[in-house]
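Undergrad: Here it is, the structure, as structure tokens.
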Amino acid sequence: MKVAVVGAGAIGAYVGAALDRAGAEVHLIARGPHLAAMRQHGVRVFSPRGDWAAQVHATDDPADIGPVDHVFLGLKANSYAACGPLIAPLLQDHTSVIAAQNGIPWWYFHQHGGPHDGRRIESVDPGGSVSAVLPPERAIGCVVYAATELEGPGVVRHLEGTRFSIGEPDRSLSPRTKEFSEAMRAGGLKCPVEAELRDEIWIKLLGNISFNPISALTRATMREMCLHRSTREVIELMMTETLRVAEALGCHPDISVERRLAGAERVGDHRTSTLQDLEKGKPMELDVLLAAVVELAAMCDVEVPTLRTVDAISDLLARGVAA
């Protein structure tokens, strides 16, 4: 099995190192000091479950790699529309694209069934720009429950979690998902193939849609947001409205608002990825987390006043960062 990791940052390099440990042929695409370090020393992983290193081929030119069986996409969703030059040299007829994406994916209604089958979500696929680069029929969904960070160039610190749930948009248990799942498990990770992956997308989104924008607006950690009574109430409203949208689309996330808040409080003084992007002056990944759900709510005639308010304020903040 030949795999290319496009965007081999903290999550991508971690997955690449695990797949290499499983015996797959792995190629990492990165840039800058991180690329230079991986070329010289490979990927070094430090984890509570044991440290290891992987001497994996790393490059900034996908033409060096050629066609692969699977592309693992570690880029932020707001980079997808522009990633065509990185993706095109890697594709052959059967190549899948496994996007480790938070929020609502561009393929969400591909082979969905029901009244919205095939519909494009403008917030995440504006003008079809993402689908043109990443055809939905290539997509395998992926919900990431692992937390990693780049401790330095070529060095991944694994903090917690090893689960990468994957699934086909049409809910089938396909040979390609089985192949990728088996390789991930051989590398020491959990990778269940879920027929109803959309339910898991909403479970993960329940936290991202609320904590991520609120953290950017307040500069607060997970614990601080949970312990501040008024902020916690706003987050509860956002989560409740999100569950209503999920239900209107036929999904049934098996989690309560209270349980999701309790889990977030246990995380402690963690700064969300959106807050970290803001502090670094990087674009914030809010369209797929928040704007998309507001768009879906309008499509389903579900009232989401709190989500709309936070989306409006967050959008102003994001425009300021982009400027």
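The values are calculated or read from the model by the stated rules, or taken from the named source; none is laboratory data. Because the structure is a prediction, the values reported are computed rather than measured. Here the Cβ is made from the backbone with ideal geometry for all residues, glycine too, and neighbour counts use every protein chain on show. We work out accessible area using only protein heavy atoms, side chains counted, and drop any ligands, DNA or RNA first. Shrake-Rupley method; radii C 1.70, N 1.55, O 1.52, S 1.80 Å.
Undergrad: Using 0.36 nm per residue of separation minus the Cα-Cα distance, give me the extension gain between residue 196 and residue 301 in nm, one decimal.
TA: Result for the pair: 35.4 nm of gain on full extension.
Undergrad: Quick one: accessible area per residue over the stretch 89-203, 1.4 Å probe, rounded to a whole number of Å²? Could you put the intermediate results ahead of the total?
TA: On the way: 4570 Å² over 115 residues.
For the stretch 89-203, the solvent-accessible area averages 40 Å² per residue.
Undergrad: Now for a separate question. Just going by the charge dipole of the stretch 184-323, with Lys and Arg at +1 and Asp and Glu at -1 on Cβ, which of 208, 264, 192 is farthest out on the positive end?
TA: With unit charges placed on the Cβ atoms, the residue in question is 264.
Undergrad: Let me ask another. Take the residue pairs 76/280; 76/178; 76/282 and return only those whose Cα atoms are more than 20 Å apart. Working shown, then result.
TA: Details: 76/280 15 Å; 76/178 25 Å; 76/282 11 Å.
Violating the 20 Å Cα-Cα cut-off are 76/178.
Undergrad: Can I ask one more? Would you mind counting up the charge near residue 306? Only other residues with Cβ under 12 Å from its Cβ, with Lys and Arg at +1 and Asp and Glu at -1. Intermediate results must be reported in sequence, preceding the final value.
TA: Working: positive: 244, 308; negative: 233, 236, 241, 303, 311.
With Lys, Arg at +1 and Asp, Glu at -1, the neighbours total -3.
Undergrad: Which of these values of mean projected area of the Cα convex hull in nm² was calculated from the structure shown: [x] 18.5; [y] 17.2; [z] 15.2?
TA: [z]
Undergrad: Another one. Give a residue-ordered list of calculated ³J(HN,Hα) values for the stretch 269-274 (Karplus: 6.51 cos²θ - 1.76 cosθ + 1.60, θ = phi - 60°; whole Hz; x for Gly, Pro).
TA: Using θ = phi - 60°, the values come out as 7, 9, 8, 4, 4, 5 Hz.
Undergrad: What net charge do the residues around residue 163 carry, taking every other residue with its C-beta under 10 Å from that of residue 163, with Lys and Arg at +1 and Asp and Glu at -1? Write down the numbers at each step before the final one.
TA: On the way: positive: 190; negative: 200.
After counting each charged neighbour, the total is 0.
Undergrad: So which trypsin sites (Lys or Arg not before Pro) in the stretch 221-323 end up in coil per DSSP with only 13 or fewer other C-beta atoms within 10 Å? Write down the numbers at each step before the final one.
TA: On the way: sites: 223, 229, 232, 244, 259, 260, 266, 271, 280, 308, 319; in loops: 271, 280.
When the trypsin sites (Lys or Arg not before Pro) of the stretch 221-323 are filtered for loop state and at most 13 Cβ neighbours within 10 Å, 280 remain.
Undergrad: Okay, moving on. Which of the GluC sites (Glu not before Pro) found in the stretch 230-323 are loop residues per DSSP with 15 or fewer other Cβ atoms within 10 Å of their Cβ? Please list the in-between numbers first.
TA: Details: sites: 233, 236, 241, 247, 258, 265, 279, 285, 295, 303; in loops: 285, 303.
For GluC sites (Glu not before Pro) across the stretch 230-323 that sit outside H, G, I, E and B with at most 15 neighbouring Cβ atoms in 10 Å, the list reads 303.
Undergrad: Separate question: Provide the gained length on full extension for the span residue 172 to residue 111, in nm with one decimal, where the gain is 0.36 nm per separating residue minus the Cα-Cα distance.
TA: The span from residue 172 to residue 111 would gain 20.9 nm if fully extended.
Undergrad: DSSP beta bridges in the stretch 123-222, what fraction antiparallel, as a percent rounded to 5?
TA: Details: 9 of 11 bridges.
In the stretch 123-222, approximately 80 percent of DSSP beta bridges are antiparallel ones.
Undergrad: On a full-extension model of 0.36 nm per residue, what is the gain between residue 122 and residue 319, subtracting their alpha-carbon distance, rounded to one decimal in nm? Numbers along the way, then the final one.
TA: Details: separation 197, 0.36 × 197 = 70.92 nm, distance 1.80 nm.
Computed gain between residue 122 and residue 319 is 69.1 nm.
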